[in-house]
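Scroll down for the structure; my scribbles are underneath it.
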Amino acid sequence: MNSKLQARLLLTGLAFLLYTNQVFSQNQETPAQTKEESSTTEKSQISLPQIITYIPSTLETKISYSQEDLEEMHIQDLPQLLESSGIQMLSYGPYGLEQKPSIRGFTDETVRVVIDGICVNNPMTGCFDFSAISLENVERIEIIKGGFTEGTDDEGAVGGVIYITTKKQNIKKTFVSDTKLKTLFFQTCPVDTISQSLYYSGPLNDWLFIDTGLKGSYAQNAYRENDASIIDGQANLQLTGYFGDGNSLSMNNIFYGGYKHTPGPKYSSLKGVQQDYNNNHTISLFTPNLCPLFTLKNTISWLCNNRYYDDEAENSKHYVNTIKYNSTADFFAWHNIKETAGLTFEYTHLNSTNDGIHSLFSGVIKETTKISLGKYFNISIPLAAKFSGQNFAFVPKLGLSSSFKYLTITLNGYRLILFPIMDDLYWQGAGFQGNPNLKPEKGWGADLVFDFTNNILPLTLSFFTNYYESKIQWAQINNIWTTSNVASAFYFGVDLNFSLSLFQNLLLIKGNGEYLYTALLDKTNIYTYGKRIMWTPDLTASLSISLNFRPILFTVEANYTGARYCSNMNISYLKPYTLVNAICELKTFQYFMPYIRIDNLLNTQYESIEEYPMPGISLTVGLKMTF
């Protein structure tokens, strides 16, 4: 075996250590390598068989951000990144207290958040608190639109998935400090937000690596008439050890704590305090050389979500504890076939003031087969069986792809299944009552994607459609609000993404836009039949222009959100708005990088949700130090 081939196999094995889902290049003559490779110490011995594949990396509709992309954008949090990607954010409260992405008209539990292969959506509310993740510890973020997912680590996406891969190892000792000061230009409060993050990574010895970070922030909503403030902190610690033929054992813990004063809607006098304490602990064992052409990863996780809420009307406590076991295996026995299989078992215990005490056992068994039919045609067949309590569903999907010199055409079809969350089943409150007899939401979806990645102007054009029924909806019956499977809707949209790099990366232009048509199809409600879904804009778009003058990087971005109806009756609507942001960073110094970010440069007055006004222009100055 020549030295060149040995080196490639070594890089391939190292990439296997970092990622649950293996991705392969389209090179048809050389061993497959992942797009993002990591290195380890020279003493780490890794022995893997020769792997040659003709299978493309993925047929999913995906937007990816690397660690370098995140650093150059200097965004405050994950919702800000999603908004820069042309995704609508539903903002209910101060500083991300309730921010939910809406992908293709779907939100809440229909949009899954997966961190290192583990779905972290709260089983009680169906959502994820984006404050609980620090971007300093993120290696890569991938946004998949639609319900066609090939990964075997989770199943249940309807609107889309946000995959987050955390940093795993660095052979060089690295320390990063990032300090941010933000102002909304109020004389009574010159500094609105103070944020400090610290990150360290490096080897402890030849085989053990550490990644750890701390982040704390204080934010005061001076633009609101009522008092609102947030004090929160996030900490993570990950140890990864390598032994044998590339085997690895990783232990990761992410903690978040937040103390939040919440004023409620614009004209509300009701004030409250919400406390969130989340802790996610994960242990992963990866064995890439258990037997020839076979890899296996086993993960055990404990997810703890505690919330305390106090206001003048009620006091409540909610404890959610989830134990998850996830196992994924990849098989590479054939050049033209790739098999990936996985299973997830999940036990959730809920102790809630409103929901009571309940236990829920659920799981997913999923298998994905990828087949290469000659040089230009590929097939992907993800199949899954999932259950939750007494609910069971079979979720088939099919993807077809044809690749040519300048164009790749992909057609995906998929089943949509979403089980009820615990709030929908068990909630008990003043005038509100859950329904334990709810059925799963279901539907069908399809994507037609034209990918012109090899052209002078790389762009992706997607047409998508969904029919969704048995949607769980709260409605008033006999003077009590309760849940039932009544809503159904039709979705059709067009999604465009493009990027252009000119003058040796001196000028970079990125843009995306989405048109979405929705129609409610519940014939039992004559007032909403045929109407559009509330809070869902017909058009969203973003455009980013970056100038890289080597020591100075300057970026201007604009994000547009179209008109949104305030109710499903389509009587009144919120006006469209455009947010213009500007970012400038200076890379003159070796260890220090000052930067400035201006959000809402035009001081646009807008509301994402009715009666929740959002802030105007803000200025963030920061200093990032890397040693």
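Brief remarks on what is shown
- When +1 charges are put on Lys and Arg Cβ atoms and -1 charges on Asp and Glu Cβ atoms, the dipole computed for the chain relative to its Cα centre reaches about 980 debye.
- Rel. contact order, % - alpha carbon contacts under 8 angstrom, at least six apart, the chain: 10
- Separation of the alpha carbons by more than 22 angstrom is noted, of LYS260/LYS575; LYS145/LYS168; LYS297/LYS439; LYS386/LYS439, for LYS260/LYS575; LYS145/LYS168; LYS297/LYS439.
- Here the dipole of segment 377-502 is about 260 debye; that uses its Cα centre as origin and unit charges on the Cβ of Lys and Arg (positive) and Asp and Glu (negative).
- Each Cα pair under 8 Å and six or more residues apart adds its sequence gap; the mean of these over the residue count of segment 564-627 is a relative contact order of 29 percent.
- Surface/4 estimate of mean projected area, convex hull on alpha-carbon atoms of the chain, nm²: 27.2
- Taking every Cα-Cα distance in segment 463-571 and sorting them into 5 Å bins starting at zero, the pair-distance distribution P(r) comes out as 2, 10, 15, 16, 13, 10, 8, 7, 6, 5, 4, 2, 1, 0 percent.
- Per residue solvent-accessible surface (Å²) - the chain, probe of 1.4 Å: 44
- CD proxy at 222 nm, helix term only [per DSSP H run n ≥ 4: -39500 (n - 2.57); per residue of the chain; nearest 500]: -1500 deg cm²/dmol
- Label-to-label distance, nm, for residues given as CYS189 and THR353 (7 Å Cα→Cβ offset): 2.5
- Legend: residue pairs LYS182/LYS266; LYS375/LYS471; LYS62/LYS442; LYS266/LYS317, Cα-Cα distance threshold 30 Å; pairs beyond threshold, LYS375/LYS471.
- Split the accessible area of the chain by element, probe 1.4 Å, and carbon with sulfur accounts for 60%.
- Here the peptides 583-589, 157-163 are ranked by packing, the mean other Cβ count within 10 Å, and the order with the highest first is 157-163, 583-589.
- Charge-dipole axis of segment 96-239 as Lys and Arg at +1 and Asp and Glu at -1 on Cβ define it, positive-most pick from PHE186, ILE141, LEU208: PHE186
- Eligible lysines near LYS172 by straight Cα distance, threshold 17 Å, same-chain separation 8 or greater: LYS43
- Computed with a 1.4 Å probe over protein heavy atoms only, the accessible area of THR212 comes to about 40 Å².
- Set of segment 492-507 residues, backbone N closer than 14 Å to the point 7 Å along the Cα-Cβ line of LEU461: 494-498
- Label positions at ILE379 and PHE450, each projected 7 Å from the Cα along the C-beta direction, are separated by 2.6 nm.
- Two-decimal Rg to Rh for segment 317-441 - Kirkwood Rh, Cα set: 1.15
- Debye log10 I(q)/I(0) for segment 79-167, one point scatterer per Cα, at q = 0.11, 0.14, 0.23 Å⁻¹: -0.27, -0.44, -1.30
The values are calculated or read from the model by the stated rules, or taken from the named source; none is laboratory data. Everything numeric in this text was worked out from a predicted model, so none of it was measured. Every residue, glycine among them, receives a Cβ derived from its backbone with ideal geometry; neighbour counts consider all protein chains shown. Calculation scope for accessible area: heavy atoms of the full protein, side chains included, ligands and nucleic acids excluded. Shrake-Rupley method; radii C 1.70, N 1.55, O 1.52, S 1.80 Å.
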